Amino acid sequence: MIRRSMNWLIAAVMLTQLAIVGAAASADAPSGPAPSAPSRPSQPKLTIQQLMDTRVDPSADALWDSVAFIASAKGEEDRRPRTPAQWDAVRRSALALLRAVDELSVPGLRVASGDKKPGPGELKVSAIQRLIDSDPDAFARHAEGLRSAVTKALNAIDARDADALMSAGGLIDEACEACHVAYWYPDQTQAAR
């Protein structure tokens, strides 16, 4: 009888503790719908020129500089990533370039914040903007071409294949130049004919 009473007493104590914990939890819980998370202010979109200066150019340069065969009076240099740390650094540059392409692919980007005087053979910012705005799908195709080339570079990096990385670097250069010729300095190609 005492054993049975002890079991009931233990069960009663446990149920009381559960009831207290449950009541405390429900008192802390907010009533009504859950509040939404505070919204972060949206980041202002960078202009195409800012993306080029801060993301595309530095990342592409790091890829191009990572592989080279240089012959000079001082001798020959076969530059390529050799250590895991070097390959990791090149991979970070390729991923940064892919993220930059994602940013370039956002519809409605402005070319630049001002209309500075262009260099010889270059279009004014306003003219570049008109070209992009007149056919945004064409600009998106240029961005996709760059994405494809950078993806090949990333595949070469993951395979630790410096020769394939050098080839992909050439494809990145071609993709960049195709866009520049279409939007930045189309008059230079016509003058060269």
**Request:** Among the residues of the stretch 64-95, write down those that are more than 24 Å from Arg147 (Cα to Cα) and of a type in the set (Lys, Arg).
**Result:** Lys74, Arg79, Arg82
**Request:** Run down Gly108, Gly75, Gly145, Gly121 and say which single residue is under 28 Å from Val181 (Cα atoms) and loosely packed, with under 14 Cβ neighbours inside 10 Å.
**Result:** Gly108
**Request:** Answer yes or no: is there a residue in the stretch 82-95 that is out of contact with any Gly (no Cβ under 9 Å at 6 or more places or on another chain), buried (at least 17 other Cβ atoms within 10 Å of the Cβ) and part of a loop (DSSP other than H, G, I, E, B).
**Result:** no
**Complete:** Scanning the stretch 62-81 for residues that are out of contact with any helix residue (DSSP H, G or I) (no Cβ under 7 Å at 6 or more places or on another chain) and in a loop (DSSP other than H, G, I, E, B) gives Ala73, Lys74
**Asked** Quick check: anything in the stretch 135-153 without any contact (Cβ under 8 Å) to a residue 24 or more places away in the chain and over 23 Å from the mean Cα position of the chain (by Cα)?
**Response** yes
**Message:** Testing Gly121 on (1) in contact with a Leu (Cβ under 8 Å, 6 or more places away or on another chain); (2) at positive phi, one condition comes back false. Which one is that?
**Reply:** (1)
**Prompt:** Only one of these conditions is not met by Asp53: (1) modelled with pLDDT of 95 or more; (2) in contact with a helix residue (DSSP H, G or I) (Cβ under 9 Å, 6 or more places away or on another chain). Which number is it?
**Reply:** (2)
**Item:** Residue list for the stretch 138-193, filter: in a helix (DSSP H, G or I), at pLDDT 95 or above and of a type in the set (Asp, Glu)
**Value:** Glu144, Asp158, Asp163, Asp173, Glu174, Glu177
**Asked** What is the one condition in (1) of a type outside the set (Phe, Trp, Tyr); (2) modelled with pLDDT of 50 or more; (3) assigned to a helix (DSSP H, G or I) that Ala19 does not satisfy?
**Response** (2)
**Residues located in the stretch 171-193, provided they are out of contact with any helix residue (DSSP H, G or I) (no Cβ under 6 Å at 6 or more places or on another chain), under 13 Å from Ala60 (Cα atoms) and surrounded by 14 or more Cβ atoms within 10 Å (Cβ to Cβ)** = Asp173, Cys176
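The values are calculated or read from the model by the stated rules, or taken from the named source; none is laboratory data. What you are looking at is a predicted structure, and each value in this text was computed from that prediction instead of being measured. Here the Cβ is made from the backbone with ideal geometry for all residues, glycine too, and neighbour counts use every protein chain on show.
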